[in-house]
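Single-structure report; data block below.
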Amino acid sequence: MPLHPLARQFAGLADVYERGRPDYPAAVIDTLIAELDLSAGAPVLDLAAGTGKLTRALVAAGLDVTAVEPLEPLRAVLADSVGAGRAHDGVAEQIPFEDGAFAAVTAADAFHWFDPDPALAEMRRVLAPGGRLALISTIPDWGDAPWGAELGALLTGMRAEHPYFDGPPWRDTIAAAPGWTAPRRVKVTTRQGLGPARIADYVRSMSWVAALAEPARTRMLARVEALVATGTPDTLAIHAVMWLSARD
């Protein structure tokens, strides 16, 4: 199944994605495990796992995680971090595992790339009865930074159409799909030290930034680097927003 054109941009961003994207601290993972009602060793499927940011945090927490990632450069980093036996090629719309194989399915910063109807049907298929779903969005809060408002305006002003920002809300998509309980929203806020270089890499790791035509992309990234060089807080708030549901 073909990937969204913007999602294909990540194939060239594996290293910068790994460097720039926030991590999943214990507070996020502990909340996720509690909300998904998972015990040690529970089988979990992490879809569109990227370089393994969430996968390895779940593995470290004692879960038996299987990861699926369609882009080979990202999957190579994923396999290096969690082992080749956990990293599989595949897409959410055609999950390469048997019915009822998992206690939970997660997808972090990825659901907007899926074709929602077949993806939700496949996620439901591979979940055991009563199995649970978590769709996670990780959102840095630039508000504490002196350049936060300017960076936010720059990103908003430059961004072309994007399914996360311009598509239907995830809550509505889950609620309209058959076989799922009413979605619930849980937000966990932690603070992480990103630093100027990591923030610049975070922006570089955005698919729509990678897709910008030159020289606009170079000018934009130069402006981002100049902004963050003026001073960065020791830590920034990172919001992990989870939409939670269960197989009916």
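Please treat every number below as a calculation from the coordinates, not as lab data. These numbers come from a predicted model, not from an experiment. Using ideal geometry, Cβ is built from the backbone for each residue, glycine included, and neighbour counts are taken over all protein chains shown.
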Packing rank of 101-107, 111-117, where each peptide gets the mean count of other beta carbons within 10 Å, highest leading | 101-107, 111-117
Using a simple spin-label model with points 7 Å from Cα along the Cα→Cβ vector, what separation in nm is obtained for E225 and D248?
-> 5.2 nm
Could you tell me, in Å, what Rg and Dmax come out for the Cα atoms of the stretch 140-219?
-> 16.4, 47
Okay, which of the stretch 42-65 sit inside 13 Å, backbone N to the point 7 Å along the Cα-Cβ direction of D80?
-> 51-52
Packing-ranked peptide list from 188-194, 241-247, highest mean Cβ count within 10 angstrom first, is 241-247, 188-194
So for the stretch 23-69, using the alpha carbon gyration tensor with a ≥ b ≥ c as root eigenvalues (a/c under 1.5 gives rounded; past that, a/b versus b/c decides prolate or oblate), I'd call it oblate
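Would you calculate, for the chain, the mean residue ellipticity at 222 nm contributed by helices, counting each DSSP H stretch of 4 or more residues as -39,500 (n - 2.57) and dividing by all residues, to the nearest 500? Present the calculation step by step, with values, prior to reporting the outcome.
Working: 11 runs with 97 residues, N = 248.
Taking each H run of at least 4 residues, the total per residue is -11000 deg cm²/dmol.
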Quick one: work out the % antiparallel among DSSP beta bridges in the chain, nearest 5.
-> 55 percent
Given charges at beta-carbon only (K, R positive; D, E negative), |dipole| of the chain in Debye = 380 debye
Local electrostatic count, M158, Cβ distance below 11 Å [Lys/Arg +1, Asp/Glu -1] | +4
Convert 37 °C to kelvin, take the viscosity as 0.692 mPa s, use the Kirkwood radius over C-alpha pairs of the chain as Rh, and evaluate the Stokes-Einstein diffusion coefficient in µm²/s, rounded to a whole number.
-> 177 µm²/s
The chain: angle of helix 195-204 to the longest principal axis, Cα-based, in degrees nearest 10 = 70 degrees
Using only Cα atoms, tell me the angle between helix 116-126 and the longest principal axis of the chain; keep it within 0 to 90° and round to the nearest 10.
-> 50 degrees
Please state the charge dipole magnitude for the stretch 1-102, taken about the Cα centre, from unit charges on C-beta atoms (+1 on K and R, -1 on D and E), reported in debye and rounded to the nearest 20.
-> 360 debye
